[in-house]
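Report on the following structure.
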Amino acid sequence: MLKKSIKIFLLSVVVFLMLLSSIQAQKILYKGNIESKIYHAPHCRFYDCKKCTASFDSKQKAEQAGFRPCKVCKP
Ligand SMILES: [Zn+2]
């Protein structure tokens with residue numbers, strides 16, 4: 001009985017670690033408004049705007065492209 005509960009425990013640890021690594025593997029994509037030259041974080045309400053067609057995987061890349069951070073979401 002004890003061995004079975006250890007197996008279940010180990011299995012849940014493995015599942016937890018897999019979930020954790022999949023979250024970390026996700027790249028945060030910033031989206032840039034090509035008209036206002038402002039970039040947004042994914043949680044921003046302007047993230048999916050019509051003019052937000054530029055996308056960046058880092059803040060540095062967005063700023064190198066001439067975009068500035070949004071004042072609402074503060075990426
Ligand atoms: Zn924003």
Rounded to the nearest Å, the spacing of the alpha-carbon centers of the stretch 45-63 and the stretch 29-44 is 3
Here the gain from full extension of Glu35 to Cys49, 0.36 nm per residue of separation minus their alpha-carbon distance, amounts to 3.9 nm
To the nearest 20 debye, the chain has a Cα-centred charge dipole, built from +1 on Lys and Arg Cβ and -1 on Asp and Glu Cβ, of 160
Toy charge model, Lys and Arg Cβ at +1, Asp and Glu Cβ at -1: the stretch 30-69 dipole around Cα centroid in debye, rounded to 20, equals 80
Taking Cα pairs closer than 8 Å and at least 6 residues apart, the relative contact order of the stretch 30-69 in percent is 48
Computed over the chain: longest principal axis from alpha-carbon atoms vs helix 2-25 long axis, angle to nearest 10 degrees, is 10
Per residue, the convex hull enclosing the alpha carbons of the chain has a volume in Å³ of 103
Of Ser36, Ser55, Ser21, the most mobile residue in a GNM of the chain (C-alpha springs, cutoff 10 Å) is Ser21
The chain: relative contact order from alpha carbon pairs under 8 Å, six or more residues apart, as a whole percent, is 28
Connecting every pair of Cα atoms under 10 Å apart in the chain and solving the GNM, the largest mean-square fluctuation among Phe56, Phe46, Phe16 falls on Phe16
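Read-outs throughout are calculated quantities, based only on the coordinates presented, and are distinct from any laboratory measurement. Fair warning: this is a prediction, and the values are worked out from it, not measured in the lab. Methodologically, a virtual Cβ is constructed for each residue, glycine included, from the backbone with ideal geometry; neighbour enumeration extends over all protein chains shown.
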